[in-house]
């Protein structure tokens, strides 16, 4: 079996090339061809020695996960469904804005955390993605968009590990993928523009600060442990006090001077003035200085949750209470909800996701039929 070169960061690719009897500068050239130029065929890599290209043809390949479907929202958001084998599918979302292009990337097929308000969590957990499957989402999206838009410069300026899965529960592939994203010979993204979102895996927050500190977003969603235990089951293992202390430690290494707290607004559950006051006390107890910001997220309902979206006026009043207390607060604009690409909606509705293997089999049948017709 040949090696998928999307699985390697630059050091890994250098080691691979060394096994082929090649020097490190060849790995750097190869890395640029793959990630900066989107090349998938070795014959296209014109400045590589022909002897190396011949070696690569028999030992390696470049392959992102297969696209099963693509949906484009009325607001320009694009959602791709990728086949990762074994009846598993993952989703990746591109969100275009005036000043940036953000890619929301999955790290697992499914998710083991099981947050009540997240449709992906109701799917359950299938498996971790490999580094190549994580990077492959960016590789495909970046070079697809360049062709689609007819541009040669970088389209994706921000990456958020906020798709399916809990990134810090797939730690080594995550860090390897981050290194590819940050490498100047790869995508050259700034640490400030790559965000890892976590439900609060405390030991791994500390490790990430040491190994590859990027921007950090924490799915908070509650102002006290009893409520968070119910909404985010991981809180039972790493309660709020431990989580907030880990966030403070992370700030020593983070590229930004704040942590972002994601807060999904749930009608009558976590959106009252009392909850806002409790959040203010929670934050101020850690530090009198501004050290975090809140991103209030409109809930995207799905039947299995039993939850409802907070009223717009309630969200605005909640935001004002936090802002008046000196806490930077934004309300996330919902994007891509007409194609189920909004926050918490990845992988569609629960019924659809539990039969994902049938959808993949159907899509494969269509593709094979088309290939047969093309050859006839």
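None of the figures in this text is laboratory data; all of them are computed from the coordinates on show. What you see is a predicted model; the values in this text were computed from it and never measured. Note that we place each Cβ from the backbone using ideal geometry, even for glycine, and neighbour counts take in every protein chain shown.
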**Report entry** region 258-331 and region 40-61: distance between their alpha carbon centers, rounded to Å
**Finding:** 52
**Report entry** In nm, spacing of pseudo-spin labels at residue 314 and residue 20 (7 Å Cα→C-beta vector)
**Finding:** 5.8
Query raised in the report: Which of the following values of percent of Cα pairs over 39 Å apart was calculated from the structure shown: (1) 35; (2) 18; (3) 26?
Result: (2)
Query - By average C-beta atoms within 10 angstrom, highest first, the peptides 19-25, 38-44 - result: 38-44, 19-25
Query raised in the report: Using the alpha-carbon atoms, what tilt in degrees (0 to 90, nearest 10) does helix 240-250 show relative to the longest principal axis of the chain?
Result: 50
Query raised in the report: Helix 202-211 sits at what angle to the longest principal axis of the chain, using alpha carbons and giving 0 to 90 degrees rounded to 10?
Result: 50
Requested in this report: Please sort 147-154, 196-203, 273-280, 60-67 by packing, taking for each peptide the average over its residues of neighbouring beta carbons within 10 angstrom, highest first.
Outcome: 196-203, 60-67, 273-280, 147-154
**Report entry** Förster-model FRET efficiency, 25 Å R0, residue 61 and residue 152, C-beta, rounded to 0.05
**Finding:** 0.50
Report task. Please say if region 81-176 is rounded, prolate or oblate, where rounded means a/c under 1.5 for a ≥ b ≥ c the square roots of the C-alpha gyration tensor eigenvalues, and otherwise the choice is prolate for a/b larger than b/c and oblate otherwise? Result -> prolate
Query - Principal-axis tilt of helix 131-149 within the chain, Cα atoms, nearest 10 degrees - result: 80
Report task. State, as an integer percentage, the relative contact order of the chain based on alpha-carbon contacts under 8 Å between residues 6 or more apart. Result -> 16
Requested in this report: For every helix of n ≥ 4 consecutive DSSP H residues, a contribution of -39,500 (n - 2.57) applies; sum these over the chain, divide by its total residues, and give [θ] at 222 nm rounded to the nearest 500 deg cm²/dmol.
Outcome: -12000 deg cm²/dmol
Report summary line: Distance in nm between residue 97 and residue 112 label points, each 7 Å along Cα→Cβ, equals 3.2
Query raised in the report: What is the distance in Å between the Cα centres of region 117-153 and region 170-195?
Result: 14
Report summary line: Counting only DSSP beta bridges with both partners in the chain, the antiparallel fraction in percent, to the nearest 5, comes to 45
